[in-house]
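Structure, as structure tokens:
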Amino acid sequence: QGQLVESGGGLVQPGGSLRLSCAATGSIFSIGTMAWYRQAPGKERELVGSVTSGGIANYADSVKGRFTISRDNAKKTVYLQMNSLNAEDTAVYCCYAVVRARSYTSDQKYWGQGTQVTVSS
């Protein structure tokens, strides 16, 4: 059984940058779309950005021009580079991936455990 392991969260000052990483581990045949979601206290979970296996990326309007999502297919890892952070970016960030464990199995939705990003002075 595979899983997603995240790293890179923490405390950063307004205007600062952070880079999140999420590696898929375990039994994996292929990975489709990978994405980052976030959820702030009292708010619904929102899609931050997604990237297809071919590298096509999409972003929430709130992060366009500040965040960049990318992936390394050989490392089975998705990244989220976050620049010009502000207090509204404070949230728990979770990665997501559509994973096929074997060539003959169906796609499964995998979620990471979440990593806290806090933007504060």
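For the reader, a short list of remarks on this structure follows.
- Isolated cysteines in the chain, defined as those with no second cysteine Cβ under 4.7 Å, comprise Cys94.
- Test item: Cα-centred dipole of the chain, Lys/Arg +1 and Asp/Glu -1 on Cβ, debye: 320
- Between Gln113 and Gln3, the simple label model (points 7 Å from Cα in the Cβ direction) yields a spacing of 0.6 nm.
- Qualifying aspartates and glutamates (Cα of each under 15 Å from Cα of Lys75; at least 8 residues distant if same chain): Glu6
- Within the stretch 32-121, the trypsin sites (Lys or Arg not before Pro) that combine a DSSP coil assignment with at most 14 other C-beta atoms in a 10 angstrom radius are Lys43, Arg45, Lys64, Lys75, Arg102.
- Qualifying lysines (Cα of each under 24 Å from Cα of Lys43; at least 8 residues distant if same chain): Lys64, Lys109
No lab work stands behind these numbers, since they all come straight from the coordinates. These figures come from a predicted structure and were not determined experimentally. Please note: Cβ atoms are built from the backbone with ideal geometry, for glycine as well, and neighbour counts cover all protein chains shown.
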